[in-house]
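The structure appears right after this line, and notes come after that.
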Amino acid sequence: MSMINAAVDGAIAIAERRSGKIGAEFYQGRARTMIERSFFAFKTSSWMVVLSGFVEPVFYLLAFGFGLGGMIGTVSDSNGHAVSYAAYIAPALLATSAMNGAIYDSTWNVFFKMHFGKLYQTVLATSMGVLDVAMGEIGWALLRGFTYAIGFMIVMTPLGLIPSWWGILAIPGAVLIAFGFASIGMGITSYLKSFQGMNWVNFFMLPMFLFSGTFYPLTIYPDWLRITIEALPLWQAIQLERALTLGTLDAGTALHVLYFAVMIAGGLWFTTRRLNALFLK
Amino acid sequence: MIVAKDLKKVFGDFTAVNGINFEVKKGEAFGLLGPNGAGKSTTMRMIAATSLRTSGELSILGKDPNHNGPEIRAHLGVVPQQDNHDNELKVWENLYIYGRYFGLGRKFLKNKIVELLDFAQLQEKRDVKVDALSGGMKRRLTIARGLVNEPEILMLDEPTTGLDPQARHILWDRLFRLKEQGVTLVITTHYMDEAEQLCDRLIVMDKGQIMAEGAPAELIKKYSSKEVLEVRFGSTKNAEAAEQIKNLGDRIEPLPDRILVYAEDGEKVLEQIHKMGLQPQTSLVRRSSLEDVFLRLTGRTLVD
């Protein structure tokens, strides 16, 4: 076996291609190899976990949209048109499930790999950079989110809950939302030292789900509360998805997209810094 | 290949590595010895570009690990103290994905992994989950994994701790073969026989500093005598006997259970002891080893 041969150039030449480029210390352009790794792990993982991510929003839709919705009838959208209650909450559930999936992947899964699997230490002993790891893990979360969003749309569309053709954009919308939450979630997870700490994440998530205009418009709140909620990412996400599925796009829709673009950029910056501090100290 | 000048690492108010200087040449097997907490692993991590130094200079193949981390790591094979395999993946997948992290091609890896499984004697385990491997197999897999990028420098942090003698000897053989092929080895170990077997040159560290540096034989010559005589008079009489024989040999070291006499010729010293009318319960003459050097330099107190 020869250890020194032409292929030595392999690993070294590959790393040197980025030599001198901005960010070469933390990004090597190989996030996809983390996704490949997730795919290997996924092949042997439990299908129940995968299925639950799809089933959850469907159950909510059945219970609230059709169960409770039958008693409520119609509500009016932002243009004042009447829409069924199920069509009103369906995009909110899509946005929420995008958020939940992203947060689950970037907190529980990442926490486990950080502290028990020691996966990132292993990866960062190779020529991978910290941002490669972050992007790879987030990329995998988005791939899952994308699949769930398609599944949910396949259920919603025949039920007549997507009245507008713009609705097709709710799928990339869900990916955008998941990207925002996942990029921040990973950074937050880096601060958590125990499973108890993880409960704080849920403590924040559940009320955000219940009160962010998911089930009713914010107009019933006093101004100070309404403005606070409007600043939260889930409200932004729900408004974006609702505008797309109901076809009520306006200037505000662009602002929601911008909100997530900023959240993604900030989240990646924050997560990269945290992972650097944690693994390359 | 590796040059460290006044290298320092401080964690909060704890100084793990306190201004050390050393150099590792190409093709050499270089050892870092020292008790727990001496700063060996911290030094290893700084070389492996996974820990930033606090001050001083460090250059690996002419590059600075604080700024060229991924580039330096592309040259290195790393065998950490604890096996950190991806337990969700199988043996083959572990090697494959590790190679992918370096950006290596699928085709190259498929051939390479056949070679590595052969090297680690794990051909039959290729489709087994890592969890199901024995300790020795896991260790061999870690070393095989460290070779996937055909590194110029292989970093081994206590490579044989926890292995049975059979597994240790197989590993030594493998490491020796790598060295013959020109791979530079950097090894930390607690086992002095391992250091004597594998290392061309080594440093002994204690409390973040270098206590001694040189080839194993040189160090023995410098810090110990040729032979060591171990005599036991029984724990109640040892102190008294030590007082009587303190001028024999080059140096004596009374321990609670026995007395060590460092001398050129151990048998001769034993004769002298008999002539003095002392009758040790047991006596043993042996060659001086690296362990004697180590204990002399780092003391006999336990550190945790």
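What follows draws every value from the coordinates through simple rules; no lab data is involved. Quick caveat: nothing in here was measured; it's all calculated off a predicted structure. Cβ placement follows ideal geometry from the backbone for every residue including glycine, while neighbour counts extend to all protein chains displayed.
Considering only the Cα atoms of segment B:225-288, their convex hull presents on average a projected area of 3.5 nm². First check a/c for segment A:176-262, with a ≥ b ≥ c the square roots of the eigenvalues of its C-alpha gyration tensor; if it is under 1.5, answer rounded, and if not, answer prolate when a/b is larger than b/c or oblate otherwise. Oblate.
Between the alpha-carbon centres of segment A:240-268 and segment A:18-65 there is a gap of 22 Å.
The label-point distance for B:HIS190 and B:ARG251, in a model that sets each label 7 Å from Cα toward Cβ, rounds to 2.5 nm.
Distances between every pair of Cα atoms in the protein assembly as shown, grouped in 20 Å steps from 0 to the bin holding the largest one, split as 18, 39, 26, 13, 4, 0 percent. Counting only trypsin sites (Lys or Arg not before Pro) that DSSP places in a loop and that have at most 12 other Cβ atoms within 10 Å, the longest clean stretch of chain B runs over B:27-299. Residue by residue along A:126-134, Cβ atoms of other protein chains within 10 Å of the local Cβ number 5 on average.
With a Förster radius of 45 Å applied to the C-beta separation of A:LEU218 and A:GLN196, the computed FRET efficiency comes to 0.90. A compact globular protein would have a Cα radius of gyration near 2.2 N^0.38 Å; the ratio found for segment B:72-142 is 1.05. Taken over chain A, the ratio of Cα radius of gyration to 2.2 N^0.38 Å equals 1.12.
Here are some pairs, A:LYS21/B:LYS129; A:LYS193/B:LYS112; A:LYS113/B:LYS138; which of them have Cα atoms lying more than 28 Å apart in this structure? If you can, show how the numbers build up before the last one.
On the way: A:LYS21/B:LYS129 39 Å; A:LYS193/B:LYS112 39 Å; A:LYS113/B:LYS138 19 Å.
Distance filter (> 28 Å) returns A:LYS21/B:LYS129; A:LYS193/B:LYS112.
Each Lys or Arg adds one and each Asp or Glu subtracts one; over the other residues with Cβ under 11 Å from the Cβ of A:PHE279, this totals +4.
Counting other Cβ atoms within 10 Å, which GluC sites (Glu not before Pro) in segment B:213-267 have at most 13 and lie in a DSSP loop? Answer by residue number: B:GLU264. Alpha-carbon geometry of segment A:38-99: the Rg and the Dmax are 15.9, 49 Å, given in that order.
Averaged over peptide B:43-54, how many Cβ atoms belonging to another chain are found within 10 Å of each residue's Cβ? Spell out each step's value before the answer.
Numbers: counts 0, 0, 3, 0, 0, 2, 5, 6, 3, 3, 0, 0.
If you average over the peptide's residues, the count of other-chain Cβ atoms is 2.
Mean residue ellipticity, 222 nm, helices only, chain A: the sum of -39500 (n - 2.57) across DSSP H runs of n ≥ 4, divided by residue count and rounded to 500, is -21000 deg cm²/dmol. Calculated mean residue ellipticity, 222 nm, chain B: -10500 deg cm²/dmol, from DSSP H runs (n ≥ 4) at -39500 (n - 2.57) each, averaged per residue and rounded to 500. Remark on chain B: ratio of C-alpha radius of gyration to 2.2 N^0.38 Å is 1.18.
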